[in-house]
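Trainee: Quick one: this structure, given as structure tokens, is what I'll be asking you about.
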Amino acid sequence: MTWGYVFRRLAMFFAVVLAATTINFIVPRLAPGDPTAAVLEQLLSRGQQVEGAQDIVDNYRARFGLDDPMLVQYGRYLFNSLRLDLGSSISYFPQSVTSAILAALPWTIALLSVSTVIAFGLGSLIGALLAWPGSPRAVHRLAPFLMVLSAIPYYLLALIVLYLLAIWTGWFPLGGAYSVFPNGFSLPVLWDLAYHAFLPALSIVLAGLGFWALGMRGAMINVLGEDYLALAEAKGLTKRRIFFKYAMRNAMLPQVTALAIALGTAASGSVLVEVAFNYPGIGYLLYNALRSSDYFLIQGVAFFLVITVAFAVLVLDLLYPLLDPRIQRL
Amino acid sequence: MHSLLRNTRAALAYLGTNPKMIAGLAILLLLLLIGVIGPLFVDIRTAEPISVRTNQPPSAEHWLGTDSGGRELLAVIIAGTPQTLRMGVLAGVIGTAVGVMLGLFSGYFGGWWDRIISAVTDTMLTIPPLAILLVVASSVRAVNVEMMALIIAALSWMHATRVIRAQVLALRELGYVQMARLSGLGSFSIIFREIFPNVIPIAFASLVGATSGAILSGMGLEVLGLGPQNTPTLGMTVYWALLYAAFSRGMWWWWGPPVIILALLFIALFLIASALDDFANPRLRSQS
């Protein structure tokens, strides 16, 4: 791995963070009306019953320094965003936007990472088997189902899963992430968490499985034509070894690249899955923020969503050379 | 021009026999027919709130039942399906047109512009589209279908740029393009007359993908309540159903039909995109 490569990836990460901050800064200013007026209007529309209304407005004015030149405002906004000071939440007052998000984020990260890893691993394996001439016929029959599944978005699948497995059969809970808020990690607590996470995770896995399987099948078909596979066979290596170490290992490379690109969409999708299942991650937080027009929180969730995904992509990109030694030599 | 016609004919001949294409088009046609034929039988004004009795299950009078806002759900489906399609196609066409242009120029000219366009494309691809859409849609309060399409189009060009650029990089080294350059043809003529016709199949596949992605993004915004409040679309119907707890109240006729139609729509677009992919990458063809 060269320093140039690391530097380029880091630069890309900061470019994404900068872009997200800039959009958060510019878009509300392009919208008609004064931003402070918008907040005041919201507070008034709720009969001024919001605790600490003055605090929020003061906070807002100080934060934007609305009389300063645009560039100064932008600089200050950038600085505040980078140290994760995103203002105070209206609907979760007196919590700050950052603390509300940090409380919800672990749920999302756990749900999304576990289910994405399962979908990615299982999907890639199925995809490799789909392209492998020696795999059982039953596997090939899966192809059309996987195609249909990969076409249906997370959210719709979540609604269908919710209806079939929670409402109709009553096997799983309707929503939420726990029966009683967990205050320790014991076996029953973990079981309860897994029981509640099962349906949201299942929706994400089912929706992702087909995508990864189809991608892997394509990559595998390309690899199968390579000479080194013929050589491996001629050397008398076992089929199993050829499949995993020679064919799959090489076909995985484009899959990992695709993972970096698909993460953004996956994160968007899982936000909606959380809404369907009332899962207390940032998707659910966002839904509440939208329903109470809590702009800072909406922007905060968007900001965190972008940096979390950008960070995951950065880690993937930095790990990539370990998978593909050719990059090291460049 | 002659070769373009011949290529088109070959494409149509291949796609006419591709089962995925036929199935995809058939479903899409069926969904289009809902919007065309439906209004002849059902008064779509009953898709507005408070026009029928509320919370009625499907019956001879109300085929798909009614919702808690007093909308005739069959009318909502008939009025909403074309709106959803219109939004998706509008966003897809604008996004793909921009993406194809950027891809053609970036791939053909190379150099600094190419580096900048590629870096922006790669960066934008990793940003969760919903995050940006949220900030924009929640600031612009009253959205309509066209505005939503424009907002979504701004985030639908990257895929087209990426695939077209990759294709152009390979094409521009081919003998006939070199020949055209040597014979003194201008860059724009080469791009549009010599290169563009060869990327049309890929551009079409991108268009279908972008349309599907746009409907997906639109649905995401709608189910979060950021869609057009006064236009019945499929996504908004799901949003109202969830807001009024149609799930736990057992009102399957409220959320079921829009979910099924959306799912069919995504499946149809996927099948069409996949058939176009088969055509554009012959290597996949032999396998399936």
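Trainee: Taking the 0 to 90 degree range and rounding to the nearest ten, how far is the long axis of helix A:295-323 tilted relative to the main principal axis of chain A, both from C-alpha atoms?
Mentor: Result, in degrees: 30.
Trainee: May I pose another question? Output the 0 to 90 degree angle, nearest 10, between the alpha-carbon long axis of helix A:35-45 and the longest principal axis computed from the alpha carbons of chain A.
Mentor: 80 degrees
Trainee: Still on this structure, please answer the following. As a check on your grasp of the helix formula, calculate [θ] at 222 nm for chain A: sum -39500 (n - 2.57) over DSSP H runs of n ≥ 4, divide by the residue count, round to the nearest 500.
Mentor: Numbers: 13 runs with 240 residues, N = 330.
Here the helix-only value at 222 nm equals -24500 deg cm²/dmol.
Trainee: Just to confirm my numbers, what's the Cα centroid distance between the range B:92-171 and the range B:58-81 in Å?
Mentor: Here the two parts' Cα centres lie 37 Å apart.
Trainee: So, one more: Report D for the range A:109-293 in µm² per second (integer): Stokes-Einstein, Kirkwood Rh on Cα pairs, 37 °C, 0.692 mPa s. Walk me through the numbers before you get to the answer.
Mentor: Working: Rh = 18.1 Å.
Estimated diffusion coefficient is 181 µm²/s.
Trainee: Moving to a separate point now. Can you tell me the Rg and the Dmax, both Å, for the Cα atoms in the range B:51-128?
Mentor: According to the Cα coordinates of the range B:51-128, Rg and Dmax are 22.8, 66 Å.
Trainee: Report, to two decimal places, the Cα Rg of chain A normalised by 2.2 N^0.38 Å (N = number of residues).
Mentor: Details: Rg = 23.9 Å, N = 330, 2.2 N^0.38 = 19.9 Å.
Relative to the rule-of-thumb radius for its length, chain A sits at 1.20.
Trainee: Provide a whole-number value for the mean count of partner chain Cβ atoms within 10 Å of the Cβ atoms in peptide A:261-270.
Mentor: Mean partner-chain Cβ count within 10 Å for A:261-270: 5.
Trainee: Out of A:Ser135, A:Ser203, A:Ser150, any idea which swings most in a Gaussian network model of chain A, alpha carbons joined below 10 Å?
Mentor: Of A:Ser135, A:Ser203, A:Ser150, the most mobile in the Gaussian network model is A:Ser135.
Trainee: Mind telling me which of A:Ala103, A:Ala251, A:Ala119 comes out most flexible in a GNM of chain A, alpha-carbon contacts under 10 Å?
Mentor: Comparing A:Ala103, A:Ala251, A:Ala119 in a Gaussian network model of chain A, the most mobile one is A:Ala103.
Trainee: Oh, and also: Quick check: pseudo-label points 7 Å beyond the Cα along Cα→Cβ at A:Leu30 and A:Leu174, how many nm apart are they?
Mentor: About 4.1 nm, to one decimal.
Trainee: Continuing with the same structure: Would you please calculate the Kirkwood hydrodynamic radius of the range B:143-262 over all C-alpha pairs and express it in Å, rounded to one decimal?
Mentor: Values: mean 1/r = 0.0574 Å⁻¹.
That comes to 17.4 Å for the range B:143-262.
Trainee: Out of all Cα-Cα pairs in the protein assembly as shown, roughly what percent, to the nearest whole number, are more than 50 Å apart? Write down the numbers at each step before the final one.
Mentor: Working: 23249 of 190653 pairs.
Roughly 12 percent, rounded to a whole number.
Trainee: Return the calculated 222 nm mean residue ellipticity for chain B, to the nearest 500 deg cm²/dmol, obtained by summing -39500 (n - 2.57) across DSSP H runs with n ≥ 4 and dividing by the residue count. Write down the numbers at each step before the final one.
Mentor: Working: 12 runs with 205 residues, N = 288.
The per-residue figure over chain B is -24000 deg cm²/dmol.
Trainee: Further question on the same structure: What does the average come to when, for each residue of peptide B:118-127, you count the partner chain Cβ atoms lying within 10 Å of its Cβ?
Mentor: Across B:118-127, the average partner-chain Cβ count within 10 Å equals 6.
Trainee: Right, another one. Determine the shielding of peptide B:248-260 by partner chains: average, over its residues, the number of Cβ atoms on other chains within 10 angstrom of each Cβ. Could you put the intermediate results ahead of the total?
Mentor: On the way: counts 4, 0, 2, 0, 3, 0, 0, 2, 3, 0, 2, 7, 2.
Shielding by partners across B:248-260 averages 2.
Trainee: Can you give me the long-range amide H partners of A:Ser88? Hydrogens built in the peptide plane at 1.01 Å from N, cutoff under 5 Å, separation of 5 or more residues or another chain.
Mentor: Amide H neighbours of A:Ser88, under 5 Å, 5+ apart: A:Val97.
Trainee: For the range A:194-295, what relative contact order do you get, as a whole percent, if you take Cα pairs closer than 8 Å and at least 6 residues apart? Please report the intermediate quantities before stating the final value.
Mentor: Numbers: 45 pairs, mean separation 26.7, N = 102.
Averaging sequence separation for qualifying contacts and normalising by length gives 26 percent for the range A:194-295.
Trainee: Please list, short to long, the whole-number percent of alpha-carbon pairs of chain B in consecutive 5 angstrom bins beginning at zero.
Mentor: Bins of 5 Å from zero give 1, 6, 11, 14, 15, 14, 12, 9, 7, 5, 3, 2, 1, 0, 0 percent of pairs.
Trainee: Oh, and also: Name the residue, out of A:Trp212, A:Trp168, A:Trp132, whose mean-square fluctuation peaks in a Gaussian network model built on chain A with Cα pairs under 10 Å.
Mentor: Largest GNM mean-square fluctuation: A:Trp168.
Trainee: Output the 0 to 90 degree angle, nearest 10, between the alpha-carbon long axis of helix A:70-82 and the longest principal axis computed from the alpha carbons of chain A.
Mentor: It works out to around 60 degrees.
Rule-based calculations on the coordinates, nothing more; no lab input. Values in this document were obtained by computation on a predicted structure and should not be read as measured data. Reconstructed Cβ throughout: ideal geometry from the backbone, glycine too, with neighbour counts over all protein chains shown.
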